[in-house]
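Here's the structure we're looking at; comments come further down.
The values are calculated or read from the model by the stated rules, or taken from the named source; none is laboratory data. Just so it is clear, the model here is predicted, and its values are computed rather than measured. Positions of Cβ are backbone-derived with ideal geometry, glycine not excepted, and every protein chain shown enters the neighbour counts. The protein model used for the area step is the full one, side chains on, heavy atoms only, and it has no ligands, DNA or RNA in it. Shrake-Rupley method; radii C 1.70, N 1.55, O 1.52, S 1.80 Å.
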Amino acid sequence: MAWQKWSYMDHWVTQTPQGPLPPQFNRAHMDRYLKQLAAAGFTGFDTFFFYLRALEGMYGSLANFEQRLRDVGMEKITGIFTAYPSATEFTSPHERETHDRIFADCENTVRQLDGLSVENFIVMPSSTYHQTEPITGDKIKAMAELWSRVGEMTLRHGMRTTCHFEFWGAIRTREQLDTFFEYADPETVFFFCDTAQHTIAGVDPVEMFRDYRDRCSGFHFKDTHDVDTNEAYRTPPDPELMAPGVDRWFYEMGTDGGLVDFPALMREIVASGYDGWLTVEHDKADTFGGTYAEATCVAKWYIDNVLEQVRAEAAKEVAS
């Protein structure tokens, strides 16, 4: 039986009369976008917290939007992504005096989702590395305290708070990741595995999943051709766009030169018994003239023709 639970992370950019824009530009563009995802076989939809108001305005309510997902052949909103990449005097996860404000922001977002079946409240647990350094154990502990508190709240609303780490974030090395999860409440803080971000930071995502599989609640499947060996993660203000010497950090699965061992990860996923959503993410796929539609089709071909075979073989091994 094929793995049916593939979702898509909402990074799409489409051409409009006003130039390239997210499909939230208007409902006609949004509907075409959703139909393309459904045609490719995706049944879940991850999006950003800052798109929720636009979706409400377009469809009348988030419940109506989720119904539209079902109308085109998808299932539901699976995850909501929130972040505080820029440290400010009001929102800096490593500064305890800002935690009440961040908590209130998160609670307001979560309340928007009441009545839906969103599973993951996906958070970037830190701001940028260059705004947070020096990275100390106490700063990591402060961030763990914040998300443990948020996690307790989201569980009351039926969602898991799950931490997604960037190569340019304050928590990036394996030692820092282990320290964070040691401090974070294992009952309320989960792990979200982004294959490319970890690889760029010099962390093996397969080993990371193997060690934290009991806390893993989701994935971003995307590839990279580079490991950051020149401290590009310190580049202000945005290392993903402005790091010297790297024009494009992220690639879809199935392209030449990729560093992520997706077959090995799929075998680990099957062996672990994980049965949650697997999410494709394409970040800046339009670099060098590419398109999100093309990247999505390339990734889905790889899922159907490579990863599905790996999954089936691994499932037989587990059953034998």
Exercise. What does the accessible area of ARG101 come to, in Å² to the nearest 10, when a probe of 1.4 Å is used?
Worked result: 120 Å²
For this session: Find the lysine pairs in the chain meeting two conditions, Cα atoms under 30 Å apart and a separation of 8 or more places or different chains, and report how many there are.
Result: 21
For this session: Please state, as a whole number in µm²/s, the translational diffusion coefficient that the Stokes-Einstein equation yields for the chain at 10 °C and 1.306 mPa s, with Rh defined as the Kirkwood radius across alpha carbon pairs.
Result: 79 µm²/s
Problem set entry | Area accessible to solvent at THR136, 1.4 Å probe radius, in Å² | 60 Å²
For this session: Calculate, for the chain, the solvent-accessible area per residue in square angstrom, rolling a 1.4 angstrom probe over the heavy atoms of the protein chains.
Result: 42 Å²
Exercise. What residues qualify as long-range amide H neighbours of PHE191, i.e. H under 5 Å apart, gap of 5 or more or another chain, H built at 1.01 Å from N?
Worked result: CYS163, CYS216, SER217
Problem set entry | Antiparallel bridge percentage (DSSP; both residues within the chain; nearest 5) | 15 percent
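With a 1.4 Å probe and all protein chains kept in place, how do LYS222, LYS141, LYS76, LYS316 rank by accessible area, largest first?
Values: LYS222 0, LYS141 80, LYS76 20, LYS316 150 Å².
Ranked list, largest accessible area first: LYS316, LYS141, LYS76, LYS222.
Give the percent of DSSP beta bridges with both residues in the range 127-286 that are antiparallel, rounded to the nearest 5. It would help to have the intermediate numbers written out before the result.
Working: 3 of 13 bridges.
Of the beta bridges lying entirely in the range 127-286, close to 25 percent run antiparallel.
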Exercise. Counting other Cβ atoms within 10 Å of each Cβ, which chymotrypsin sites (Phe, Trp or Tyr not before Pro) in the range 30-74 have at most 13 and sit in a DSSP loop?
Worked result: none
Exercise. Of all accessible surface on the chain at a 1.4 Å probe, what whole percent is carbon and sulfur?
Worked result: 48 percent
For this session: Express the Stokes-Einstein translational diffusion coefficient of the range 101-258 in µm² s⁻¹, to the nearest whole number, given a Kirkwood radius over alpha-carbon pairs, 4 °C and a viscosity of 1.567 mPa s.
Result: 80 µm²/s
